[in-house]
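For reference, the structure is listed below as structure tokens.
None of the figures in this text is laboratory data; all of them are computed from the coordinates on show. Everything quoted here is computed from the prediction, not taken from an experiment. We place every Cβ from the backbone using ideal geometry, glycine too, and count neighbours over all the protein chains shown.
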Amino acid sequence: MPSLTLNPYLSFRTQAREAMGFYQRVFGGELEVSTFGQYEGMVDDPAERDLVMHAQLTTPEGLVLMAADTPGRMEYRAPTGVAVSVSGDDEATLERLWSGLAEGGVIMMPFDTPPWGGRFGMLTDRYGVEWMVALNAAPA
């Protein structure tokens, strides 16, 4: 069977660099950023040369988060109806990620014990991205 990877790719109007720096502080890891100005003919407006054409954050755990800015010539629609989910068995790590993502954001459901066990929370971060954080329930 071929190897496949599914990665969240976030769209911003002009905040991709700032947002990805925030996510790097929360998750750690290596951040690579390419701008539209690095590639000939990729941007019409010289003021948009420093916008992010592609950014990729790869964490020590192997998580990958990507993002880009949307140039003015293209329609931008803020994300809606989609959330990024992070889950696992390491409660301390998930608590740290929750606290980092919640900084400056809006908590929709606190990171607490749901009826199914473990811990679970939902929030919208300071950039309007929705997150779900889940600590897997202990086996019965």
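Table for the structure above
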| read-out | value |
| --- | --- |
| Stretch gain in nm, segment Arg96-Ala138, where the contour uses 0.36 nm per residue and the Cα spacing is subtracted | 13.2 nm |
| Peptides 62-68, 128-134, 84-90 ordered by average Cβ neighbours within 10 Å, highest first | 128-134, 62-68, 84-90 |
| Max mean-square fluctuation residue, GNM over the chain, Cα-Cα springs under 10 Å, options Gly81, Gly72, Gly28 | Gly81 |
| Between 0 and 90°, nearest 10: helix 16-27 axis offset from the chain longest Cα axis | 30 |
| In degrees, nearest ten, helix 91-102 long axis to first principal axis of the chain (Cα) | 40 |
| Whole-number percent relative contact order across region 9-69, with pairs defined as alpha carbons under 8 Å at least 6 apart | 43 |
| Net charge over other residues, Cβ less than 14 angstrom from the Cβ of Val106 (K, R count +1; D, E count -1) | -2 |
| The chain: calculated mean residue ellipticity at 222 nm from DSSP helix runs of at least 4, using -39500 (n - 2.57) | -5500 deg cm²/dmol |
| Inter-label distance, nm, simple model (7 Å from Cα along the C-beta direction), Ser3/Glu18 | 3.7 |
